[in-house]
Structures are given as C-alpha cells and as structure tokens.
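Have a look at the structure below, then the notes.
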C-alpha cells in the first residue's frame, strides 16, 4: 500500500516512538523510509537583537546531525530500505510543518508519520504543535503517533 514513507524525527521520546512505528510500517510494507530532522529554532530566537547566534546555531545543527546519525544507524541495523536527511528551516524561511510537507512532496511520500504529545489548551497554545500545523496544510496522508503509544 505504501511505497514511500517520510517520518519526522527530533530525538524526543514521542519522536522516537513515531520513528519506531514508521520503521515497523516500512518493513511490513516493504517501503522506502525517509527519516527527516528539521532544525527548529526556538520561538524566542530574534536575529536582530545584536547578539551572535552562531553558538546557538552550531548547537542546534550538532544535535540534528547526532539524531540523524543515530536514525541512519538504526535503519541499517534493522535492514530498512531508507535514508535520512537534515534541513535547516531558518535558511528556507518555512515553518517546521511547511518544511516537512515540502520534503514529503519532494520525496513523493505516500504517507507522513509524526509523533504528537497530545497537548491541549494552554500548553498547545504556548508550545505550539508541529503535528497540528502539518495536518492543517498537508496534501499527503498523515499518521499521528501519540506519545502514549505502547511499542
């Protein structure tokens, strides 16, 4: 049914649960899996305040590279036909959800898998929700994997 699956990874517990679910699905469907990490800048990041953002940028990039390397290792270890990628959405000007959708369209994904914390109310308002934003704009089917999923 699915030939190409994109999963958004971020190194969090819920992101790891989504990655596990996507790997399981890719293996069962004999599909190609693309594990994507988007460097997401904190909402309070303001480049025009006169400080040097280079240390923040380098730390975010290093974290992304570490998570992508771990995902790549897991794909190989588990024999999953797949690839990994890292995208810096600061350079593209896209939101994280827009960047995930753009990469899914470029990869020609049949399905996009993302984890969700299932937050509501004030917490969602303050922390935002990439999963919710992606559902609102997606032209691809999206599988949400809740944090409470049992492996």
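Can you pull out every residue in segment 134-150 that is in contact with a strand residue (DSSP E or B) (Cβ under 8 Å, 6 or more places away or on another chain) and either part of a loop (DSSP other than H, G, I, E, B) or at pLDDT 90 or above (or both)? Give the steps one after another, and end with the answer.
Let us first name the residues in segment 134-150 that are in contact with a strand residue (DSSP E or B) (Cβ under 8 Å, 6 or more places away or on another chain), namely 134-135, 138, 140-147.
134, 135, 138, 140, 141, 142, 143, 144, 145, 147, listed by residue number.
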Return the pairs, sorted by first residue and then second, in which the second residue is at pLDDT 70 or above and not in a helix (DSSP H, G or I), the first residue lies in segment 43-60 and is within 21 Å of residue 130 (Cα to Cα), the beta carbons are less than 6 Å apart, and the residues are 6+ apart or on different chains.
60/39
Among what's in segment 68-91 and is part of a helix (DSSP H, G or I) and at pLDDT below 95, pick the residue that is nearest to residue 104 (Cα to Cα).
89
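The values are calculated or read from the model by the stated rules, or taken from the named source; none is laboratory data. All values reported here derive from a predicted model rather than from experimental measurement. A quick note on method: Cβ atoms are made from the backbone with ideal geometry, for glycine too, and the neighbour counts reach across all protein chains shown.
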